[in-house]
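The values are calculated or read from the model by the stated rules, or taken from the named source; none is laboratory data. What you see is a predicted model, and the numbers here were worked out from it, not measured in a lab. Cβ placement follows ideal geometry from the backbone for every residue including glycine, while neighbour counts extend to all protein chains displayed. Side chains included, ligands, DNA and RNA excluded: accessible areas come from the protein's heavy atoms. Shrake-Rupley method; radii C 1.70, N 1.55, O 1.52, S 1.80 Å.
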Amino acid sequence: MSSSSSEESANPSPPAAAPAAAGAAAAWPRRRCRDVFWLVVFLLHLLVFGGALAVTGLNRFGQADRFNIDRFTNLTAAPPRLAGSPEPAVAVAQAPPPPSLEAEEVTPKSELTESYWRYYGAAGAVGSVLAWAWLGAAAGRKDGGRVVMRAAVHGLTAYLAVVSVLCFWGKHFFWGVAFAVGGALHFLYVMSVLDRFPFTMLVLQKAVRMVWELPDVMRIAYAFVLVMLCWMALWSFGVSGILAFHIPNGGQWWALLIFSVSLFWTGAVLSNTVHVIVSGMVFLVLIHGGQAAASMPPKPLLKSLQYAVTTSFGSICYGSLFTAAIRTLRWEIRGIRSKIGNNECLLCCVDFLFHIVETLVRFFNKYAYVQIAINGQSFNHSARDAWELFQSTGIEALVAYDCSGAVLLMSTILGGLITGTCTGVWAYFKQSDKAIMVGSTSMLMGMILVGVTVVVVESAVTSIYICYAEDPHLLQRWDPEFFDQMSEALHQRLQYRSARARQILNSRLDQLPNTSNI
C-alpha cells in the first residue's frame with residue numbers, strides 16, 4: 001500500500017495534464033478536408049500553367065526559339081503553289097551574310113525574354129511597395145480607415161482620368177475611351193452611395209483598430225506578399241517569353257488573357273487564405289475577450305494558418321473562382337437600383353437582375369470565409385449558413401448598406417493602376433508597340449499584390465458582422481460605443497426597408513382596377 005501511494009504522489013502530472021489536453025482539443029477540434037475536388041483542380045492548374053510558363057520563358061531566354069516552337073506559327077512557311085502555276089524562278093546565288101549579322105537578324109534584342117522581364121520586375125517592385133505602404137498606412141495607425149477611404153474615393157476617379165489622357169496621348173484610343181468610361185462610372189457610383197459613407201467610415205475605422213491590435217496578422221500579410229512575388233517571378237518570366245514570341249491573328253492577346261485568368265485565380269486563392277487566417281484570429285479575440293485572455297487557445301495564429309492551408313484550402317480554391325465577380329456585380333446593381341426612382345419598367349428589369357445576383361450571393365459570398373475559419377465547413381455550406389444568419393437576424397440590411405468592400409476594392413484598383421502606369425510608360429518609350437500589353441498585365445500584378453494586404457482589413461469587417469449576428473454581446477464587450485452605433489444603424493435600416501415595402505405595396509394596390517362596384 002505504501003509503495004503504491006508513493007508512486008501516485010511521485011507522478012501527479014497525468015491527471016493534471018488531462019484537463020489541459022481536453023481543453024485544447026475542444027478549442028481546436030479535428031476537421032475533415034472539404035472541397036477536395038477543387039483543391040486537386042487548383043494544384044493541377046499550378047503544375048500545368050507553371051510548366052507552360054517555364055517553357056515559354058526559356059524558349060527565348062538568351063537564345064531565340066530554343067525549343068523550335070516558331071514552326072507551329074507557320075510564319076516562315078512558304079505558301080502552297082497552285083496546280084498549273086509556273087515554277088518559281090531560280091534565285092541567283094548570293095554570298096551568305098556574315099554570321100554576326102545573321103545572328104542579329106534571327107535573335108534581335110527585342111525578341112528575347114529578358115527584354116520584357118525587366119518591366120515585370122519593376123511592376124513587382126512597385127506593387128510590393130504599394131502593398132506594404134497601404135497596410136502600414138491603414139493598419140499601422142488608429143485613424144487609418146479615414147486615410148484609406150479618402151485616398152480610394154478621391155484618388156481613383158482622378159487617376160482614371162489621368163490614365164485616359166495618357167492613352168489618348170499614346171494614340172491608344174480604345175483604351176483611352178475605356179478608362180474614361182470607367183472613371184465616369186466610378187464617379188456616378190460614388191455619387192449614388194454618398195449617403196452611406198459615414199457608416200462605412202465607422203466600420204472601416206473599427207476594423208482597422210481590430211487589425212492594429214493584432215500585429216501578427218500584418219506579418220502574415222507581408223509573408224503572403226512574398227509568396228505571391230515568387231509565383232509572379234515565374235508567371236512574368238513566361239509572359240515575357242510570350243511577348244517576345246510573335247503569334248499571328250491576335251494570338252498574343254489570347255495567350256495573355258488565359259495566363260492572366262490563371263494569375264487572378266492564384267492571387268485570389270492567396271488573398272482568401274489570408275482572409276481565413278485573419279478571420280479566425282479576429283473571431284477568437286472577440287469570443288475570448290482579448291488576445292491576452294486566459295481562455296485563448298494556445299498558438300491561435302499557427303492553428304488558423306494550419307487549417308487554412310490544409311483542411312480548408314479546397315474550399316478557398318473553390319470560392320476564389322466566383323466570389324469577386326459576383327460581389328462586384330452586386331455592388332453595381334445595388335447602386336443603380338437605389339437611384340432609379342419611380343421608373344417602373346427600368347425598376348422591373350433591374351429587379352430581375354438583382355434577384356438573380358442575390359441568388360448567387362446566397363451560395364458565393366465573402367462571409368463564407370469567416371464560417372470556414374470558425375467551423376471548417378465546405379464553401380457552399382458556409383456561404384449559405386452565413387447568408388441565412390444575416391437574413392434571420394436582419395443584419396443583411398446593414399451588410400447591404402455598408403460600402404466598405406467597395407472602398408477597399410477601389411484601393412486595390414488604384415494600386416494596380418499606379419503599377420500599370422509606371423511600367424506602361426517605361427515600355428512605351430522603349431518598345432511602344434508592346435506598351436499596352438505590358439501595362440495591362442502589370443496592372444493585374446499590382447492589383448493582386450495590393451489585394452493581399454487589403455484583405456486583412458476586409459476580413460476584420462466580415463468577422464465583425466458575423467460576430468454581431470451570432471452574438472451581439474461579443475461586440476458590446478469589445479466596444480460598447482460601437483455596439484450602440486451598430487444597433488442604431490440596424491434599427492434605422494429596418495425601419496427604412498419597412499417603409500419602402502409599404503410604399504411599393506400601396507403603389508401596386510393603387511394600380512389595381514376598382515372592383516367595389518362589381
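Is one or more of the residues making up segment 30-43 open to solvent by 100 Å² or more (accessible area, probe 1.4 Å), modelled with pLDDT of 90 or more and within 30 Å of residue 378 (Cα to Cα)? The answer is yes; a qualifying residue exists. Here residue 158 fulfils each of the conditions (1) surrounded by 18 or more Cβ atoms within 10 Å (Cβ to Cβ); (2) within 19 Å of residue 417 (Cα to Cα) apart from (1). List the residue pairs whose Cβ atoms are under 6 Å apart, where the first residue sits in segment 243-261 and is closer than 14 Å to residue 50 by Cα and in contact (Cβ under 8 Å) with a residue 24 or more places away in the chain, the second is assigned to a helix (DSSP H, G or I) and open to solvent by 20 Å² or more (accessible area, probe 1.4 Å), and the two are 6 or more positions apart or on different chains. The qualifying pairs are 260/444.
Of a type in the set (S, T, N, Q) and either touching a strand residue (DSSP E or B) at 6+ places or on another chain (Cβ under 8 Å) or at pLDDT 90 or above (or both): is that true of residue 236 in this structure? Yes; evaluated as a whole, the condition is true for this residue.
Applying the criterion of being assigned to a loop (DSSP other than H, G, I, E, B) and open to solvent by 40 Å² or more (accessible area, probe 1.4 Å) to the residues of segment 50-68, the residue that is modelled with the highest pLDDT is 61.
Residues in segment 257-268: is at least one modelled with pLDDT under 95 and over 30 Å from residue 432 (Cα atoms)? Yes, the conditions are met somewhere in segment 257-268. Looking across 147, 153, 211, 181, one residue alone is open to solvent by 30 Å² or more (accessible area, probe 1.4 Å), in a helix (DSSP H, G or I) and modelled with pLDDT under 90. It is 147. Of all residues in segment 365-414, those that are touching a Gly at 6+ places or on another chain (Cβ under 6 Å) and either surrounded by fewer than 21 Cβ atoms within 10 Å (Cβ to Cβ) or closer than 30 Å to residue 439 by Cα (or both) total 2. For first residues located in segment 383-412 and under 20 Å from residue 322 (Cα atoms) and free of Cβ contacts under 8 Å to residues at least 24 places away in the same chain, partners that are of a type in the set (Lys, Arg) and surrounded by fewer than 20 Cβ atoms within 10 Å (Cβ to Cβ) and lie 6+ apart or on another chain with Cβ distances below 7 Å form the pairs 384/362.
Filtered by the rule that a residue be of a type in the set (Phe, Trp, Tyr), more than 14 Å from residue 370 (Cα to Cα) and modelled with pLDDT of 90 or more, segment 300-323 gives a lone residue, 318. Pairing residues of segment 443-456 that are open to solvent by 10 Å² or more (accessible area, probe 1.4 Å) with residues that are in a helix (DSSP H, G or I) and among the polar types (S, T, N, Q), at Cβ distances under 7 Å and at least 6 apart in sequence or on separate chains, gives 443/419; 444/260; 447/412; 451/271; 451/412. Any residue at all in segment 424-439 that's closer than 30 Å to residue 247 by Cβ, at pLDDT below 90, of a type in the set (S, T, N, Q) and crowded, with 16+ Cβ neighbours inside 10 Å? Yes, some residue in segment 424-439 is closer than 30 Å to residue 247 by Cβ, at pLDDT below 90, of a type in the set (S, T, N, Q) and crowded, with 16+ Cβ neighbours inside 10 Å.
Among the residues of segment 237-248, none qualifies, meaning not one is closer than 30 Å to residue 400 by Cα, open to solvent by less than 40 Å² (accessible area, probe 1.4 Å), in contact with a Gly (Cβ under 8 Å, 6 or more places away or on another chain) and of a type in the set (A, V, I, L, M, F, W, C). The number of residues in segment 480-496 that are open to solvent by less than 100 Å² (accessible area, probe 1.4 Å) and either basic (Lys, Arg) or at pLDDT below 90 (or both) comes to 2.
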